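Inspection log for the structure reproduced underneath, given as structure tokens.
The numbers here are math on the coordinates, done by the rules we state, and not lab data. The structure displayed is predicted, hence computed values, not measured ones. In this analysis, Cβ positions are derived from the backbone assuming ideal geometry, glycine residues included, and neighbour counts consider all displayed protein chains.
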Amino acid sequence: MEQLLKLANQRPNFFTDILNSINDAIYITDKNGVTLWVNHISEVITQVPREKLIGRNVRDLEKERVFSPSVTRLAAEANSNVSTVQEVKDGRKFIATGHLVKDEKGEVIAIVAHCRDITEVVKTSSKLRDTEELLEKYSQELRKLKIPLHTTDLPPKKELILHPSTEDLIGKIAKVDTTALITGETGTGKSATAERIHLLSKRYNAPFIQINCASMPEQLLESELFGYKKGAFTGAHTSGKQGLIQAAEGGTLFLDEIGELPTHLQAKLLHFLQTKTYLPIGAREYVQANVRIIAATNRNLEKMTEETSFRSDLYYRLHILAINLPPLRERKEVIEDLAFYFLDTYNQKYNVNKRMTSRALDIFQSYHWPGNIRELENLMERLVILCDQTINEKDLPQKMMENQYMPDYMKQADQHNSMPELLESIERNMILEALKKEKSTRKAAQQLGVTQSLLMRRVRKYAIDI
């Protein structure tokens, strides 16, 4: 220390030379933020000469965007040492720390700010994030290539089935582990969509297990989902049984027809979604599981919550990520491609070469397809098996022929259980047609004879993409 003081006495600029030789900025102010001294790097960083900084208050310099925020100001306001990321005019970023200098009484007499350039660190970090995102994107694309060519509801040419915005949404949902809800009429491809989400996710190597909640009695459904311990009930297997949640460990459990889940099982499912633990029948301790839940329904769960037949807390938990699959009648542009796709598929399967007349195809186009894609596929398989070399209009079911002469609203009648449901369907279709014809919601509202605000409420109600 004595030698250091001796050097300082011999060289009056000894300490300032040291501070100027440092590659980081040193910025000294009084307790009020008035600049007392800055080193050379501070001039370089701020691009302001030292003589124009000294005597200026950091608050004024902050307003002029010389640096933002001022770590000196933050330290003075907090009355403690503060660190933050500070940016200068040219966009470079610095990690800045404001140190309070106190006298023997503990009073602040000065503030020393120390700043280090982290622009390259930030750029590198950003590049790493971009690289990670790119790797995940490539990984997802590779997983797409590994998806089986034919699943239960969707043909391999997914672009024939899913609207680009829906496919994009599926990709985003696959990246996270949040619960998802798929809605849509019977046959629109809900189970295949759930499987696609699983196969595009990081869980793709783990099990994908599905169960239809409407397919078995309540008591059996509970044991299937949650399993049971030995002796849990009369007739139980002596060694107990693992449930589907345990079987899906690390993967995805798809609950189809979730609207049919009994009320007390809704409570157990909600507990699992909230805690990732469940209680097997007859067990005393909860079991932890790493499983993603995807649910699907063709019912209006929101309406069911109003009728108290479905728990609202479970609905909102499931509805965090939602996909609505439109019915085939709203996507007539894909019917021809689907028809020929399934025709080719079953020609190959049965080693035949059947053809289809343009008149038969016209009827396909005008039919309302209450069973959606599944109905079209099943019909095409039947036609390939039973028809002669050419599929004519006479080979088509009578209901498709009668359908040619029905008004559009009558074509929809057999898909709805009540007048309100039918009217809602008609209203939704009218809105869709208006939005297709017009470029703006204002013009679409004018065409429909309603206000724009009313139209937008209906768009939200029917989950219409615009």
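If you average 1/r over every pair of different alpha-carbon atoms in the range 418-461 and take one over that average, what Kirkwood value in Å do you get? Let's see the in-between values first.
Values: mean 1/r = 0.0952 Å⁻¹.
Final number for the Kirkwood radius of the range 418-461 is 10.5 Å.
Take I426, I197 and order them by how many other Cβ atoms sit within 10 Å, fewest up front.
Sorted ascending by nearby Cβ count, the order is I426, I197.
Go through the range 429-466 and name the trypsin sites (Lys or Arg not before Pro) that are in a DSSP coil and have 12 or fewer other Cβ atoms within 10 Å of their Cβ. Walk me through the numbers before you get to the answer.
Working: sites: K436, K437, K439, R442, K443, R457, R458, R460, K461; in loops: K439.
Of the trypsin sites (Lys or Arg not before Pro), the ones in loops of the range 429-466 whose Cβ has at most 12 other Cβ atoms within 10 Å are K439.
So how do I294, I281 line up by other beta-carbon neighbours within 10 Å, fewest first?
Final ranking by Cβ density, sparse to dense: I281, I294.
Got a sec to turn the phi values of the range 249-264 into Karplus ³J(HN,Hα) couplings, 6.51 cos²θ - 1.76 cosθ + 1.60 with θ = phi - 60°, whole Hz, x for Gly and Pro?
So the J values, rounded to whole Hz, are 3, x, x, 10, 10, 9, 9, 7, 6, 4, x, 8, 5, x, 4, 5.
Where does the charge balance sit around L270 when Lys and Arg score +1, Asp and Glu -1, over other residues with C-beta under 11 Å from its C-beta?
Here the charged neighbours net out to +2.
Using the number of other C-beta atoms within 10 angstrom as an exposure proxy, rank W369, W37 with the fewest first.
W37, W369
Which of the peptides 201-209, 187-195 is most tightly packed, and how do the rest follow, judged by the mean count of other Cβ atoms within 10 Å per residue?
Final packing ranking: 187-195, 201-209.
At q = 0.21, 0.22 Å⁻¹, what is the log10 ratio I(q)/I(0) for the range 273-385, with the Debye formula run over Cα points and no solvent?
So the normalised log intensities are -1.11, -1.18.
Add +1 for every Lys or Arg and -1 for every Asp or Glu among the other residues with Cβ under 11 Å from the Cβ of I294, and state the total.
+1
Distance cut-off 30 Å, Cα to Cα: go down the list K52/K102; K332/K439; K31/K93; K394/K439; K349/K437; K172/K349 and report the pairs above it.
Checking Cα-Cα distances, K394/K439; K349/K437; K172/K349 exceed 30 Å.
Give me the net charge of K394's neighbourhood, meaning all other residues with Cβ under 13 Å from the Cβ of K394; Lys, Arg count +1, Asp, Glu -1. Could the numbers behind the result be given before it?
Numbers: positive: R359; negative: D388, E393, D395.
Around K394, the charge tally is -2.
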